[in-house]
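One structure below.
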Amino acid sequence: MHWTDKLHAILMGVSDLTNRIDIDARLLAASNVKLDRALLPLLSRLALHEQMSTVELANLVGRDHSTVSRQLAKLEDLALIERVPSSGDRRVRMICPSAKGKALLGAVAKVRRQWIEAHFRDWPREDIDQLISLTGKMMEGLDEVSLGGIEMIETRSA
């Protein structure tokens, strides 16, 4: 198998793991958080990006705009998100986690950290640091390549 196929398979495995509904449900239960598990990925992504539009969020989570809009309305009803005007376009309302949403995510993060630490318990600290460093290095500029496709790769090599 080509190294790029191996890497793709690993990345898909990580994506599968982070998108599993049973894991999200267990994570919410262990955190003593009462939330529809379908809403957790939206709130988590918002926290990573501070604020974004509904369209941007829908693209990141791989759901259609109308589905994400309905789910955001639920998060807003629960006071877990806030809508704020965009600094660049007054017609666009940006979404960000509220203080209550951040607190909820803090409870979830505490349990998630415990689970991850348990998984890597037997790894030497140097290996963990290297994993984080190399994964971060891999992600640098990856959006540019995936957005530009093969033309961008060919342009860079010319």
Worksheet, complete the sentence: Here the longest stretch of the chain that holds no GluC sites (Glu not before Pro) in a DSSP loop having at most 16 other beta carbon atoms within 10 Å is 51-139
Item to complete: Assuming R0 = 25 Å, can you tell me the calculated FRET efficiency for the pair LEU134 and ARG112, based on Cβ-Cβ distance, to the nearest 0.05?
Response: 0.75
Worksheet, complete the sentence: Pairs over 27 Å Cα to Cα, from LYS6/LYS102; LYS34/LYS137; LYS74/LYS110, come to LYS6/LYS102; LYS34/LYS137
Item to complete: Express in nm, to one decimal, how much length is gained between ALA73 and ALA99 on full extension, taking 0.36 nm for each residue of separation and deducting their alpha carbon distance.
Response: 7.7 nm
Fill in: Cβ-defined net charge surrounding LEU80, 10 Å radius [Lys, Arg +1; Asp, Glu -1]
0
Worksheet item: GNM, the chain, Cα, under 10 Å: largest mean-square fluctuation among SER66, SER53, SER133?
Response: SER133
Item to complete: Taking the Cβ of VAL68 as the centre, find all other residues whose Cβ is under 11 Å away and add up their charges (Lys, Arg: +1; Asp, Glu: -1).
Response: +2
Response to the item:
Of SER86, SER98, SER15, the most mobile residue in a GNM of the chain (C-alpha springs, cutoff 10 Å) is SER15
Item to complete: Once you've got the GNM for the chain with C-alpha springs shorter than 10 Å, pick whichever of ILE132, ILE116, ILE21 has the biggest mean-square fluctuation.
Response: ILE132
Worksheet entry | Which label in [x] 11.2; [y] 10.5; [z] 12.5 gives the computed mean projected area of the Cα convex hull in nm² | [z]
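Residues with beta-carbon under 14 Å from that of ALA118, excluding ALA118: net charge, scoring Lys, Arg +1 and Asp, Glu -1? All intermediate terms of the calculation are to be shown ahead of the outcome.
Numbers: positive: ARG26, LYS110, ARG112, ARG113, ARG121; negative: GLU117, ASP122.
Here the charged neighbours net out to +3.
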Discussion item. Tell me which trypsin sites (Lys or Arg not before Pro) from the range 9-110 have a DSSP coil assignment and no more than 14 other beta carbons within 10 Å of their own.
Written reply: ARG20, LYS34, ARG90, ARG91
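Read the figures in this text as sums done on the coordinates, not as results from a lab. Just so you know, these numbers come straight off a predicted model, no measurement behind them. Cβ atoms come from the backbone with ideal geometry, glycine included; neighbour counts cover every protein chain shown.
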